[in-house]
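Reading through the structure tokens given below for one structure.
The values are calculated or read from the model by the stated rules, or taken from the named source; none is laboratory data. Computed from a prediction, not measured in an experiment: that's the story for all the values here. Quick reminder, even Gly has a Cβ in these numbers, built from the backbone with ideal geometry, and neighbours come from all protein chains shown.
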Amino acid sequence: MRFEKGNYYHSELLKFLEFLIPPYASVIQLGCETGEIIGYLRASHKVGVDKNSQFIEKAKERFKDVEYIVGDIEDIKLDKTFDYVLLIDIIGHVDDIQRSFENIKPLCRGDTRIIIIYFNYLWEPVLKLAEMLGVRRKRQLLAHYLPAEDLEGFLSLCDYETIKKFNRFLIPVYIPLISRILNKFLVKLPFIGKLALNYIIIARLPLVRKPAQDVSCSIIVPCRNERGNIEELVQRVPKLGKTTELLFIEGHSKDGTLEECLRVQRVYDTLDIKVSTQDGIGKGDAVLKGFRQATGDCLMILDADLTVPPEDLEKFLNAIVTNKGELVMGNRLLYQMERQAMRRLNLVGNKFFSMMFTFLLGQRIKDTLCGTKVLWKDDHLKILAGKDYFGDFDPFGDFELILGAAKLNLKIVEIPIRYRERIYGTTQIERFRHGLLLFKMVMIAFRKLKLI
């Protein structure tokens, strides 16, 4: 690919956008200039908009797979919605930022992400000098150099919600080794990142995806050696949404769990209960099989050990249908636990890995290991489509969902729950072996999410 000016800067920026935007997505870039970014970006449907007709004509000549339109962000009118809306360096050139954000609302759905890339006001003298020296393309001077906090204020005024923030480029030109150290490592550090050339904000409109009364729910229950909990779980699971489907995925038990699941299915034949045995081993394999069999709009994971009350699933459903979050997870660490609910070493490990993943994901998470998780089936299909990015590394299934959701910039929220002591059976967590696996996942997440 060839950029007219700033080849290193634009190439690295494009790589980062391709990390954020999956190739199956539809994308519109407002203020696309001569179309290089949207033109080179891998996406299924691409639209570029700029008010300069000469820029648009030039873009049309170079990139035939992009729909280019002459138009202005402050007066854009399109009868389409997109997965992603890109605003790269344009906010500083508009007369009315609030009006511009209001105008792009018709382009958005509940799952649309707005990506805003903006220059740090500290770099204003450097950018002007670069234009004078011909290193940077000359263009109209920025009308506004705003701190990220002020731009977030405009977004909030227009009912947008900030999901994540990034800092990019301590040095926008290529110097062997130095550029990598500064732009891949040091820019991620607190305080130093404030000196970066760009800040990037990912936002969304928290629009309701589907009315609560129209949502169908699938509850996936991985169960291995849980015979004594099965019937009570069925009795306690509430009716959720339009329909509630309960899927037991049995894991080659030795205590008769499969037979108990089949018995309960016969006894409670007025309920929609399905039973199957997983093909492989591990909770992650069971969850994936359950998700593939599920027919509901909303997918829920509920552990069979009853340490999380099944009745709490109503809270999870309410959070997702009102779009408070898109991956809703349980948080066992807020309320006081029952005495034997979690061993002390497990509690310490949970808190440590929660701090690690909060840093890695850019979203505050207190309890990564709670088994209860809820998400839209459509979002799970998107996570599956990008599974190769992280590889097949997660025997638990939890981190495949968390990391996949983080890469898609889904909003992750936690529901505080009261964690109960297990009554039947024994825990299937092996502290030291699983602890090493979790540490490995931290390393994978650091490499895949931070070193980009």
Checklist entry - Can we say VAL221 is touching a Pro at 6+ places or on another chain (Cβ under 9 Å) and modelled with pLDDT of 95 or more? => result no
Checklist outcome for this item: Exactly one of LYS239, LYS324 is in a loop (DSSP other than H, G, I, E, B), free of Cβ contacts under 8 Å to residues at least 24 places away in the same chain and among the charged types (D, E, K, R), and that residue is LYS239
Checklist entry - Looking only at the stretch 196-233, which residues are more than 22 Å from the chain's Cα centre (by Cα) and more than 19 Å from VAL374 (Cβ to Cβ)? => result ALA196, LEU197, ARG224, ASN225, GLU226, ARG227, GLY228, ASN229, ILE230, GLU231, GLU232
Checklist entry - What residue, of TYR160, TYR199, TYR174, is touching a helix residue (DSSP H, G or I) at 6+ places or on another chain (Cβ under 7 Å), hydroxyl-bearing (Ser, Thr, Tyr), more than 30 Å from ASP83 (Cα to Cα) and touching a residue at least 40 places away in the same chain (Cβ under 8 Å)? => result TYR174
Next on the checklist: Let me confirm something: among TYR24, TYR8, which residue is outside any strand (DSSP E or B) and surrounded by fewer than 16 Cβ atoms within 10 Å (Cβ to Cβ)?
Outcome noted: TYR24
Checklist entry - Residues in the stretch 294-321 that are assigned to a loop (DSSP other than H, G, I, E, B) and among the hydrophobic types (A, V, I, L, M, F, W, C): how many? => result 5
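The rows are residues; the columns are (1) touching a residue at least 24 places away in the same chain (Cβ under 8 Å); (2) more than 27 Å from ASN167 (Cβ to Cβ).
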{"position": "LEU13", "(1), (2)": "yes, no"}
{"position": "ASN52", "(1), (2)": "no, yes"}
{"position": "TYR68", "(1), (2)": "yes, yes"}
{"position": "ASP75", "(1), (2)": "yes, yes"}
{"position": "TYR84", "(1), (2)": "yes, no"}
{"position": "GLY92", "(1), (2)": "yes, no"}
{"position": "GLY110", "(1), (2)": "yes, yes"}
{"position": "ILE114", "(1), (2)": "yes, no"}
{"position": "TYR118", "(1), (2)": "yes, no"}
Checklist entry - How about the stretch 28-73: which of its residues are among the β-branched types (Val, Ile, Thr) and part of a loop (DSSP other than H, G, I, E, B)? => result THR34, VAL66
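Please verify whether PHE16 is in a loop (DSSP other than H, G, I, E, B), assigned by TED's automatic domain parsing to the domain that holds GLU149 and under 29 Å from PHE390 (Cα atoms), treating the condition exactly as stated.
no
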